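Novice: I have a structure here, written as structure tokens, and I will follow up with some questions on it.
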Amino acid sequence: MIELPGYTIRRELNSGSSTQVFLASQTSAGGDVVVKTLNPAIPGDEFDGKTFVRETANLASMNHPHVIRIHDYGIQDGMPFIVMDYLRQGDLTQKLAKGLEIHELIRVINQVSSALDYAHTKGVVHLDVKPENILFSDRDVAVLSDFGIAEFQRKKSGVGERRTVLGTPAYMSPERALGHEIDGRTDFYSLGVVFYQMLTGQLPYRPDRGGNVALRQARDPVPQLPNQFSALQPIVDGCLAKSPGDRFARGDDLRRALAEISTEEIIPNAAVRSEVVTTVEIQLIQPPLDEGSSTRSEIRGRWQTTTPWTLLSRGALAILISVLILGGTWYFIEREPAVANALFSWLSPSDTPSVEEVWNTAEALRSDSNQSLSAIVAGYSRVLEIDPEHVGAQTGLGDAVDAWKGDIREALDAGDLALAEVKLNESFNLDSSDEDLAFLFEDLADRRLAETLLEDARALLQRQGRDNVASSASAIQAYQEVVRLDPTNEEAPAELDRYAQYYADLASRDAVVGDITGAMANMGRASTANPEFIGLDSVREQIQQAATLQAEIDGLLQEASRLRALGSLIDPPESNAAERYQRVLATDPGNAIATQGVSEIIAQVQRRFYDLLSDRDFEDIDRLIDRVVAVGLGEASIAEFKSRYALERERVEQVETLIAVAERMIGQGFITEPTENNAVATLREALRLDPGNNDAEKLLIDAAERLASVAREAHEVGLETEARLYLELALTVRPDADEWRELRDQWLNDMEPDG
């Protein structure tokens, strides 16, 4: 499984012969994405990394509601990868298995055709339209994915290119299966196959007995739809036409044709259920050879025995030389008229020159730095025409050619590609079999390519800046290729150093804030730019230290979580969650997890504190406060606990004092008198401070009963006035005493005279 900086690979979704697809999470944003890796080593093919990066950069620039969004791409540890949106609603294959209504089916075709129109305007041909590549968003919108990914594995070798076609045969247009020239119309053929499959539940063309579906696509007529869908037959015909010229050229045309079809001609709300047709993601098709051609084995043999140089000299080099020669002579004549005049005058020499005259002329031409190689060679050649054994001419001819090659090399190294091109053209015109020239032409082509890559890299930097990961990756790869193609170039290594410095600085910043994943990703980008850049070692050490520290922090956080689950919030000492969180915050004051953990522990401790306070469990409160102070749960919390604790202790002590005073007053008989300094008043103050205090309430009852008892004693000795007074006082303390109210009423009745 691939390890990709900045992403957490969660699980594999599927795999094919050339790709693996994984569900991943973005480390920074946390969103789900799909990571697709490409196998760069398919047997018989050669992966083109430059093409991959260039083409994927083009794909990543596309912005359309029905085109998959590409977030990131590159080559990690030799493995090309693409990061795309994760669409949870699955693909069209799954939709078809459940069934689609006609209006849903047409909506999907319209959306996909819109995506193809957009892609084609960007110069992108999809090359693999099939149900598995039509995905659905959460809003049930069709989204087209995997644009031309299979073609990244295709080997391109100029003359003698292998006619291997990559894709899914059942959905492939006849011209593409046969290796002919293609354009966007090949995609509408594939969409037509999908359309037919959606309507009928099966593919329009099945493989013949030999397993060949391409021949049937090219030979067999377009199949007819079932009667209930006959109104849609023109759409199928317009997509599956054998000739690209007879097909829909644009999705707009297809959509207009669909819009013109009356829905009444189709069974209303007909649900179409397809069989689940799975396809091999990438298959190789070797089209049949033309009649009269060699056998495949013969071609394979010639291919395998042909050396790279042979291919270059026979094909690519010949084309390259032709291009370079075009205009070369005229460039030469326009810039060097003196050279041209010397050359043309030499071609019409006097009738009877002496060897000495010819030799002197040849030597003069050679000594003239403005003369062309053609003129110099012509001079020495004329000497040898007169005297074939002339040693000086023989030596001079070889030396002149060698010197001319040296001039070409110097021009190349100096970056004067125009001059090198002119000199190469002239040399090649004189001797096209010189292998040294072939290598110099190759070097010139490399320098030209390097110039193009430099322009592309500059444009990327100007347009996107260094903070765009995808464009920076492309620019870095371009600069590295320039270094390889042109070792004398100074701009490319300087820019690579700047990229290395930029990403090293980002890595250092990430390490400081504890973003180890980001630091490692940026460090990887810096190392990619220039693995030998001065300063990378110190940043690596910084990241390692940060990673070690982060590992310690992660361990403390895990331990804190475990202790919290066990209930060990602040106890026991040295083994509680609060202490672990505090150690994290001492190292990383802004750690969100530890900060949240401390806040939650404080809230739990507060609840425990007030529970103990309500129970007046001062012993446990004292211990609790000591532990809060010991683990350092915040000065504010500690101050709040101590303040509330002090107030509660003060209140309790005050209540206890009032109760003791009241008890003494009752013993002395100061139950209701004097007015504001008696036992009842004192007890009521205690109950105000501590409502429900059992001791105060009990003493009040005792005081009231004492007054009632005095009242009864007074009544027994005939002190009726005093008896009623004390009974009324008892009732003021206990107005709910029904017995006393009845006694008072009885005493009043006894005092009334008999009628």
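Just so you know, all these numbers are worked out from the coordinates, no wet-lab data involved. Please read these numbers as outputs of a predicted model, since none were measured by experiment. Every residue, glycine as well, gets a Cβ built from its backbone with ideal geometry; the counts of neighbours run over all protein chains shown.
Novice: Could you list, bin by bin from short to long, the percent of Cα-Cα pairs of the stretch 570-633 in 10 Å steps?
Specialist: Bins of 10 Å from zero give 22, 49, 23, 6 percent of pairs.
Novice: Provide the gained length on full extension for the span residue 385 to residue 249, in nm with one decimal, where the gain is 0.36 nm per separating residue minus the Cα-Cα distance.
Specialist: 42.4 nm
Novice: Right, next: With a point put 7 Å past each Cα toward its Cβ, work out how far residue 257 is from residue 103 in nm, to one decimal.
Specialist: 2.4 nm
Novice: Once each part is reduced to its C-alpha centroid, what is the distance from the stretch 708-755 to the stretch 622-650 in angstrom?
Specialist: First find each Cα centre; the distance between them is then 54 Å.
Novice: Rounded to the nearest 0.05, what FRET efficiency do residue 394 and residue 414 give with R0 = 45 Å and r taken as the Cβ-Cβ distance? Could you check?
Specialist: 0.90
Novice: Right, another one. So if R0 is 60 Å, what FRET efficiency would residue 561 and residue 449 give, r being the distance between their Cβ atoms, rounded to the nearest 0.05?
Specialist: 0.60
Novice: If I take R0 = 22 Å and measure r between the Cβ atoms of residue 407 and residue 356 in this structure, what FRET efficiency does the formula 1/(1 + (r/R0)^6) give, to the nearest 0.05?
Specialist: In this case the efficiency is close to 0.20.
Novice: Given the stretch 449-534, what whole percent of its Cα pairs are spread farther than 19 Å?
Specialist: 35 percent
Novice: Taking the beta-carbon count within 10 Å as an exposure proxy, list 642, 98 from fewest neighbours to most.
Specialist: The order, fewest Cβ neighbours first, is 98, 642.
Novice: Modelling each spin label as a point 7 Å along the Cα-to-Cβ direction, I'd like the residue 439/residue 694 distance in nm, to one decimal.
Specialist: For the pair residue 439/residue 694, the computed spacing is 10.8 nm.
Novice: Give the Cα extents of the stretch 1-140 along the principal axes, in whole Å, largest first.
Specialist: 47, 32, 30
Novice: Given the pairs 122/242; 122/423; 36/98; 36/242; 50/130; 50/95, which are separated by over 31 angstrom at their Cα positions?
Specialist: Cα-Cα > 31 Å for 122/423; 36/242; 50/95; rest within.
Novice: Ok, one more. Run the quick spin-label model on residue 218 and residue 745: label points 7 Å from Cα toward the beta carbon, then report their separation in nm to one decimal.
Specialist: 12.1 nm
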